[in-house]
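S.K.: I'd like to ask you about the structure that follows.
The values are calculated or read from the model by the stated rules, or taken from the named source; none is laboratory data. The structure presented is a predicted model; accordingly, all values stated were derived computationally and were not measured. For neighbour counting, all protein chains shown are included, and Cβ atoms are generated from backbone atoms with ideal geometry for every residue, glycine included. Heavy atoms of the whole protein, side chains included, go into the accessibility calculation; ligands, DNA and RNA do not. Shrake-Rupley method; radii C 1.70, N 1.55, O 1.52, S 1.80 Å.
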Amino acid sequence: MEALTRHARRTRTVVIGGGIAGLASAALLAREGHDVTLLEARGELGGRAGSWDAGGFRFDTGPSWYLMPEVFDHFYRLLGTSAAEQLDLSRLDPGYRVYFEAQAEPVDIAADREANLRTFERIEPGAGAALDRYLDSAEETYRMAVGRFLYTSFASFRPFLDRAVIGRLGRLARLLLQPLDRFAAGYFRDPRLRQILGFPAVFLGSSPGRTPSMYHLMSYLDLADGVLYPQGGFTRVIDSIADLARAEGVRVLTGARVTGIRAAAPMTSRGKTRRTGAARPPASAVAGVNYLGPDGTTVELDCDVVVSAADLHHTETELVPAEQRTYPERWWRRRVSGPGAVLVMLGVRGELPELQHHTLFFTTDWKENFGRIFGKNPSVPAPASFYACMPSATDATVAPSGTANLFLLVPIPADPSLGRGGIAGAGDAAIEAIADAAIGQLSEWAGIPDLMERIVVRRTVGPGDFAEDLNSWRGGALGPGHTLRQSAFLRGSNASARVDGLYYAGGTTIPGIGLPMCLISAEILLKRIRSDTSTGPLPEPL
């Protein structure tokens, strides 16, 4: 172990991308002893979890749900601290509100499991007991996922060949092969309850009819475990991890756009990898990266390891030479993107008591809604099921007194040709029309008839922005969707098969989409480099 540590201290590592996965990867590797430089193309850190300020309003421009708190706390503890020391967390109660098309009253999902059982029972007799069974199943599946599947790189399948996993193969097969919507339908008749339990599929980049029912575990997180919010917004989460990375010695360079990953033949015997010694055909080995500095000058940076936390499609098809690609364009033609999105950031005069911190709007015909997003001939849903976040309900720092900060996310097809957004209605016509429709729908369903007239700050973001600013594949808002063929080990590997020393992290690789998954991706990256094939979280601290 001492020899390994001395070797790790000499390892020059470059991390591409300053989103949460890149920052977390850099922090863990630096603590491990690597000499780490992080390169971020934009002028600020955060990636999808960015921020925007205007007129006294502050907006998180991406993730807004703080779920799986134990994952955050475990990550912080790996670095010798804790979520309690780094963040000021508030529990939301209600966790969120749901408005349904053609229904007069919304449904509030409480922070308390028993309260949610009573809510379901009120809507459908017998549904309270059914939800109790559903959440028991969801919790069992969540615990199994954390202990067996989320924290592994799948570099070896030997750890799965034990009684605990083999004894559950029948249940696992059902959870993987049965879609989430059919699974929920086995418990509940009322379509509103099925929608509440199915909508988490959207945050996994898919639809309830395409997402394996394994992911019903998400309902344990919001209906039983509860929804939290970090005061200061998710910008505070990013800042805390960036601070920890710097404290570990990471050099963070912004305005540094990587233009290529350099690789050369490894200096080892034929058929052996430079790092693991495992037999396989000869590969190239990382030599360094090229990047454009803030002044436009090309910089060549030599290194031993590259971790790309940028979009995997961009990494493989733009940064890696063609003959060294593990995931070339033909591989992507068989993949399914998650949805695109129109983001709408609004500063509103007056308060909006009709909304909670998190509010969802569900159309009646979900098959039509999701068919338009994911079907063979995609189009923009009208009306759309969408999500609204109003952090000013919880955080006094994000909006001036007596005003509301409102963020809308409207899922649409992943298609950059739909256009880009803009400030004060200056985005492309299609994007602004989608935003107007969502504002009008919210206004009508929630009973806020003067909402449009009260808007004092407005910005939109479209699929073209995701493609241009974040190099997002097909302009998707999230990454490859969590369908059966794109979950667990079928999602792809976090290590290149053609370039020794090239690794991946973030929502476009394993384990998947979401801030907790990105933190886990950083940890399984470290395990991959260590040749650690264990399936659970690492001991705390590192």
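S.K.: For the chain, what is the mean residue ellipticity at 222 nm derived from helices alone (per DSSP H run of n ≥ 4: -39500 (n - 2.57); sum divided by total residues; nearest 500 deg cm²/dmol)?
M.R.: On the way: 17 runs with 168 residues, N = 542.
About -9000 deg cm²/dmol.
S.K.: What is the Cα centroid distance between the stretch 180-216 and the stretch 419-439, reported in whole angstrom?
M.R.: The two parts, judged by their Cα centres, are 30 Å apart.
S.K.: Label-point separation (nm) for Ser82 and Glu70, each offset 7 Å from Cα along Cα-to-Cβ?
M.R.: It works out to 1.6 nm between the two label points.
S.K.: So what are the ³J(HN,Hα) numbers for the stretch 56-70, from phi and the Karplus equation (6.51, -1.76, 1.60; θ = phi - 60°), rounded to whole Hz, Gly and Pro as x?
M.R.: For the stretch 56-70, the Karplus-derived couplings read x, 9, 10, 10, 6, 9, x, x, 9, 9, 9, 10, 6, x, 5 Hz, x marking Gly and Pro.
S.K.: Sort out for me the Cα centre separation of the stretch 466-542 from the stretch 126-167, rounded to whole Å.
M.R.: Between the Cα centre of the stretch 466-542 and that of the stretch 126-167, the gap is 20 Å.
S.K.: What FRET efficiency do you get for Ala54 and Arg163 if R0 is 51 Å and r is their Cβ-Cβ distance, rounded to the nearest 0.05?
M.R.: That pair, Ala54 with Arg163, gives E of 0.35.
S.K.: Among [x] 71, 58, 48; [y] 69, 54, 53; [z] 61, 54, 49, which one is Cα extents along the principal axes in Å computed from these coordinates?
M.R.: Computed from these coordinates, Cα extents along the principal axes in Å corresponds to label [x].
S.K.: Amide H to amide H, which residues 5 or more places from Ala263 or on other chains are under 5 Å from it, using H placed in the peptide plane?
M.R.: Residues meeting the amide H criterion: Ala287.
S.K.: When ligands, DNA and RNA are left out and all protein chains stay put, how many square angstrom of accessible area per residue does the stretch 487-542 have with a 1.4 Å probe?
M.R.: 28 Å²
S.K.: While we're on this one: Taking the dipole about the Cα centre of the stretch 79-156, with the C-beta of Lys and Arg at +1 and of Asp and Glu at -1, give me whichever of Gly80, Ile123, Pro94 is farthest to the positive side.
M.R.: Ranked along the dipole, the leading option is Gly80.
S.K.: Can you give the extra length, in nm with one decimal, that the chain gains between Glu323 and Arg251 once fully stretched, where that is 0.36 nm per residue apart less the Cα-Cα distance? Don't skip to the answer; put the middle values down first.
M.R.: Working: separation 72, 0.36 × 72 = 25.92 nm, distance 3.09 nm.
Once the chain is fully extended between Glu323 and Arg251, it gains 22.8 nm.
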